[in-house]
Amino acid sequence: MLVTGAGGLLGGAVCEALAPTREVWAGAHHAAAPPGFPAVAIDLERPETLAAALQASRAAVVLHCAALADADACERDPARARALNVDASAALADACARAGARLALISTDLVFGPEIGLPPRDEACPARALSVYAATKLEAERIALRTPGNAAFRVALVTGRGHGPRGSASEGLAWALRAGRPLRLFRDQFRTPVDPVSLARLLSAWAASAHDGLFHAGGPERVSRLELGHRVATVLGLPMAGLEAVDQDDTLAPAVRPREAAMDSGRATRLLGYVPEPLDAAIRAGRTAPPTA
């Protein structure tokens, strides 16, 4: 397997989780990939590096985790968001098709509309991009899925043990609570958080199967961002005094997020045996402090 974005929060964690059972090549750019993997340089702004990485690794499967995944940064610079999330994905899909490699594109749970109070949504539910980031990921999904055998995985908010200097959602909460920093958390945004180990198992199961198409990859529980903060504090025995409940409308973030982004991952369970780790277990698996530089 070739994992793009192996220096990132999700890609690095997926590399480490796949290592015991798969031959993994790590494709990274600025951030360092986990040590011990054969590495190839990938720059999403230079699409030719994607084809070169695929040729060097001779990978049969590519897990495309690399992206401009900061929704606010995408909103501020839509041209760059399109180049990194759409154009690079198209170049990689073309390279995979020429090489006979299967592609799994990592997408996002932020592709839904503004409705709230709905049951978790499955793959048949219509998507509606509220932000530049969501629009670019939806277009990348369509590009990847043009080729039979490929898949797109809409990944939920990532909790558990991450990779690199940036923490997963649960790690970031725990680090702030331990440091006594105040946190303003949405009470009106709902997600189904998932950990990288569960995702790695799912991607490995997909690679060993003949299934393709769109898959939702969420965790077992629907929680608001505020509820996740309370959960992290409870599970790790941290003080809750710094947690403040806010509504999304109270913030001035450039990108609009869906209030209801909870996903039904039943298709992945039925076809690929997907059983994500319990949320409490993912929280406990997180790093206790940010890595030192």
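Exposure proxy for Ser204, Ser89, Ser107: other Cβ atoms within 10 Å of each Cβ, ordered fewest to most, give Ser204, Ser107, Ser89.
Annotation: peptides 79-85, 240-246, ranked by per-residue average of other Cβ atoms within 10 Å with the highest first, follow the order 79-85, 240-246.
State the dimensionless ratio Rg/Rh of region 16-150 (Rg: radius of gyration of Cα atoms; Rh: Kirkwood radius).
Rg/Rh for region 16-150 comes to 0.99.
Using a Gaussian network model of the chain in which every pair of alpha carbons under 10 angstrom is joined by a spring, one finds that among Asp247, Asp94, Asp188 the greatest mean-square fluctuation is at Asp247.
Close amide H pairs (under 5 Å, H built 1.01 Å from N) link Met263 with Arg121, Thr192, residues at least 5 positions away or on another chain.
As an equivalent ellipsoid, region 203-264 spans semi-axes of 31, 19, 9 angstrom, where each value is the square root of five times an eigenvalue of the C-alpha gyration tensor, largest first.
Length available on full extension from Asp77 to Ala32: 0.36 nm per residue minus the Cα-Cα distance, which gives 13.7 nm.
Remark: region 1-92 carries a charge dipole of roughly 240 debye about the Cα centre, counting +1 on each Lys and Arg Cβ and -1 on each Asp and Glu Cβ. The charge dipole of the chain, taken about its Cα centre with unit charges on the Cβ of Lys, Arg, Asp and Glu (plus for the first two, minus for the last two), comes to roughly 420 debye. Dipole of the chain computed with +1 at Lys/Arg Cβ and -1 at Asp/Glu Cβ about the Cα centre; of Gly218, Val232, Leu63, farthest Cα towards the positive end is Leu63. Across all Cα atoms of the chain, the radius of gyration (one decimal) and Dmax (whole number) stand at 18.0, 55 Å.
Between His230 and Ala99, full extension at 0.36 nm per residue minus the direct alpha carbon distance yields a gain of 42.4 nm. Each of Leu183, Leu173, Thr292 was placed along the dipole of region 169-293 (beta-carbon charges, centred on the mean Cα), and the one lying farthest toward the positive end is Thr292.
Relative contact order of the chain, taken over Cα pairs closer than 8 Å and 6 or more residues apart, is 21 percent. Residues whose amide H lies under 5 Å from that of Leu183, counting only those 5 or more places away or on a different chain, are Leu243, Glu244; hydrogens are built 1.01 Å from N in the peptide plane.
Where a number appears in this text, it was derived from the coordinates with a stated rule and is not lab data. Model, not experiment: these values are computed from the prediction. Cβ coordinates were reconstructed from backbone atoms using ideal geometry, including for glycine residues, and neighbour counts include every protein chain displayed.
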